[in-house]
Amino acid sequence: MDTARRRPGVMGAVPWLSLVLLCGCSHFQSSDAASGLRPEIITPLKPVKSPTLGKRFSVSCQAQSPFPRMTLIYWLANGSFVEHQYPDEAVSEGDVVTEPRGTRVLLTRELLFRSFSRRDWSTSFLCMVRNPAGLEKALVHWDPEPPAQISEPRQETRQDVQLPASTPTVDRAESTE
């Protein structure tokens, strides 16, 4: 039985969002008991393979929370919403997939690269998960950085440029914002 559900966009159907963002719900954050209520980023599930310039690519962020209807999961690019940094949709967010797990909910959201580019190598991508008890962030680092002498493939040459194998690493940071 497939119990996973999809919700489009960051906002989805969450009328409480503006209240959470405005007040920050700091009354939850002052309690030690609230730390168990905070969202937890489990892992980026992908990449299965290393990013290659000019190829499709995706990275998933997976988190769990005890607040099924009051948890947001979204990606930022250089501190802004992905759709603002990439209005051409060269990079976009997938739908939020939710799956009940006992008293918690498992949330997954992909970051989709239509054609991985040099710009993407130098962009800071951050997975954000927020619920009424707090915020958790995971920063993706590309390792290693692309060599300076390698440029993106041009369509005229039909030449694929292969970079050394790399796997993104994630820095986890908790915030009481």
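Data table
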item	result
Added length on full extension, which subtracts the Cα-Cα distance from 0.36 nm per residue, Arg69 to Ser124	17.0 nm
Protection proxy ranking of 80-92, 121-133 - average other beta-carbon atoms within 10 Å, highest first	121-133, 80-92
Distance in nm between pseudo-label sites at Asp88 and Arg114 (7 Å out along the Cβ direction from Cα)	0.8 nm
Accessible area (Å², 1.4 Å probe, nearest 10) - Glu136	10 Å²
Surrounding net charge for Ser92, when Lys and Arg each add one and Asp and Glu each subtract one, Cβ distance under 10 Å	-4
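The values are calculated or read from the model by the stated rules, or taken from the named source; none is laboratory data. What you see is a predicted model; the values in this text were computed from it and never measured. Glycine also receives a Cβ, built like all others from the backbone with ideal geometry; neighbour counts cover every protein chain displayed. For the accessible areas, the whole protein counts, side chains as well, though only heavy atoms, and no ligand, DNA or RNA atoms are used. Shrake-Rupley method; radii C 1.70, N 1.55, O 1.52, S 1.80 Å.
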